[in-house]
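Comments concern the structure below.
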Amino acid sequence: MNSVVVTQPLPPQLLAPLARYCDLQVLATDESLTPALLADARGLICLLTDRVDRALLDRAPGLDFVSSVSVGVDHVDVAALTERGIPLGHTPGVLVDTTADLAFALLLAAARRLGEADRFVRDGQWTPDERWTPSFFLGKDVSNATLGIVGLGAIGQAVARRAAGFDMQVLGWTPSGREIPGVESLPLDDLLARSDFVSVHVALTGDTRNLVSAERIAAMKPGAILVNTARGGIVDEEALARALDEEHIYAAGLDVYDREPLAADSPLLRHPRVVFAPHIGSATTRTRARMVELAVANAAAALAGARMPHCANPAVYG
Ligand code: GLV
């Protein structure tokens, strides 16, 4: 039993270091992870789209490690792995700037109505009858506005650095109470009440599910813009759609959703002022390669009986 299942094709040159230690079973793009595939596997290299739960683990008696090509691990039952002494690798650090760039791109696009503007030009609506006027496509200023950052981990801090370049006043809240220079820390409800823009950067855990709840959305500053590049389950999507209907929330920039792909009947889709992205926070060529490199390093360490360099459940090492 020395095979490692890789749930999607990854660059072969990046997987090559593992081939020395194990047989790699790389699934095809249209294949999904099933318990049968893990019956004889020693390791699993997975993505955030693979659900690794107790039912799967119960059918994988020889599994020694799981290495996810993601920083977030909410797709994995971490407690179930820890109980079994199985280390879980993940890929923090390398996607920080790339994800912060996307959060800022969504923030700017939502404020300046770039989704609507793009569709307007592309659909041939920019005609002599629908031309430039002083009130044409007015949006919101980003420069000098107040940004509230929910979660001051590495990505939240990288967003704060970008905001400083736009002369924004930056407010922050983080579950750990951490203080960051240049960021005014305050309770979450105060942050929501004062912010023109709110950007979400906490991990999805039992404590943060529905953190931006219907009540909290209702308590946001009227006319605010919400950006979420963290995880869908953190924001109440139905409540966000209602707040957009009522024009309490002006616009949103979303990369993540409670259910992915986003359902075709999601109430969010009817709002022209929501700028959508399909969960592409870390999607640049360089960052994705670095994520695979870290995932491979985690797997190589586990195969060699060593500690993973980036382990999400270090309790397994005692
Ligand atoms: C992306 O969402 C990740 O967790 O890597």
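The values are calculated or read from the model by the stated rules, or taken from the named source; none is laboratory data. Keep in mind it's a predicted model, so treat the numbers as computed, not measured. So basically every Cβ, Gly included, is an ideal-geometry build from the backbone, and we count neighbours across all protein chains shown.
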Could you please find all residues in the range 32-52 being among the aliphatic types (A, V, I, L, M) and in a loop (DSSP other than H, G, I, E, B)? Leu33, Ala39, Leu47, Leu48
Have a look at Val256, Val227 and point out the one that is assigned by TED's automatic domain parsing to the domain that holds Val142, in a strand (DSSP E or B) and within 16 Å of the ligand (Cβ to nearest atom). Val227
Subset of the range 132-163 [surrounded by fewer than 20 Cβ atoms within 10 Å (Cβ to Cβ) and in contact with a strand residue (DSSP E or B) (Cβ under 7 Å, 6 or more places away or on another chain)]: Lys140, Ala145, Thr146
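Based on what the data block shows, is Val52 within 12 Å of the ligand (Cβ to nearest atom), modelled with pLDDT of 95 or more, of a type in the set (A, V, I, L, M) and on the phi < 0 side of the Ramachandran plot?
no
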Going by what's in this entry, would Thr99 be described as within 16 Å of the ligand (Cβ to nearest atom), part of a helix (DSSP H, G or I) and touching a helix residue (DSSP H, G or I) at 6+ places or on another chain (Cβ under 6 Å)? yes
If I ask for residues that are in contact (Cβ under 8 Å) with a residue 12 or more places away in the chain and more than 16 Å from the ligand (Cβ to nearest atom), which ones from the range 81-96 would you list? Leu81, Thr82, Arg84, Gly85, Ile86, Pro87
Please work out if Pro128 is surrounded by fewer than 18 Cβ atoms within 10 Å (Cβ to Cβ) and within 16 Å of the ligand (Cβ to nearest atom). no
Would you be able to say whether some residue in the range 63-72 is among the acidic types (Asp, Glu), more than 16 Å from the ligand (Cβ to nearest atom) and farther than 21 Å from Ala300 by Cα? no
Condition check for Asp101: of a type in the set (Asp, Glu) and under 21 Å from Leu147 (Cβ atoms): yes
Restricting attention to the range 169-203, the residues that are under 19 Å from the mean Cα position of the chain (by Cα) and part of a helix (DSSP H, G or I) number exactly 0
Pick out the one residue from Val159, Val142 that is out of contact with any His (no Cβ under 9 Å at 6 or more places or on another chain), in the same structural domain as Ala219 (by TED's automatic domain parsing) and touching a residue at least 24 places away in the same chain (Cβ under 8 Å). Val142
Give me the pairs, please: first residue somewhere in the range 102-124 and outside the structural domain of Phe137 (by TED's automatic domain parsing) and polar (S, T, N, Q), second residue anywhere and assigned to a helix (DSSP H, G or I) and crowded, with 18+ Cβ neighbours inside 10 Å, beta-carbon distance under 7 Å, and either six or more positions apart or on two chains. none
